[in-house]
Amino acid sequence: MRTLPLSEVKARLSKLVDEVESRDERIVITRRGRPTAVLVSTDDLDSWQETLEITSDRTLLAEIRRGIRQIERGQTVSYEDVFGPKPRGKKRSAHSAK
């Protein structure tokens with residue numbers, strides 16, 4: 001994560017927005033040497049908001065933890081047990097994978 005002063009961010013905002021969007025980068029913006037804001041992509045923001053929603057839902061969080069404990073104890077169910085045999089698709093040749 002890069003740190004830049006507000007004056008530099010103002011001068012280069014368009015380029016910095018492109019960098020944040022295309023490189024999945026985050027930029028800490030400082031004012032008088034102190035961090036005051038962060039420039040992030042909308043994908044990052046959406047992900048963080050979704051994480052906050054999940055962690056604030058006690059019921060959902062308890063279910064996730066219960067599922068993790070079941071996995072750790074080997075209490076899992078196979079794909080086939082849930083959905084039946086896996087569909088057979090076309091096999092890709094070495095040439096078509098390129």
Selected residue (only one of R12, R92, R88, R31 is among the charged types (D, E, K, R), more than 27 Å from the chain's Cα centre (by Cα) and modelled with pLDDT of 95 or more):
R31
Can you name every residue in region 1-11 that is in a helix (DSSP H, G or I) and touching a helix residue (DSSP H, G or I) at 6+ places or on another chain (Cβ under 9 Å)?
E8, V9
Search result, residues across region 38-67 that are at pLDDT below 95, more than 14 Å from the chain's Cα centre (by Cα) and of a type in the set (A, V, I, L, M):
L60, L61, A62, I64
With the requirement that a residue be assigned to a helix (DSSP H, G or I), under 30 Å from L4 (Cβ atoms) and of a type in the set (K, R), what does region 21-79 give you?
R23
Residues of region 29-47 that turn out to be closer than 18 Å to E8 by Cβ and either surrounded by fewer than 16 Cβ atoms within 10 Å (Cβ to Cβ) or among the hydroxyl-bearing types (S, T, Y) (or both), as a count
9
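The values are calculated or read from the model by the stated rules, or taken from the named source; none is laboratory data. Please read these numbers as outputs of a predicted model, since none were measured by experiment. Neighbour counts are summed over all protein chains in view; Cβ atoms, including those assigned to glycine, are modelled from backbone coordinates with ideal geometry.
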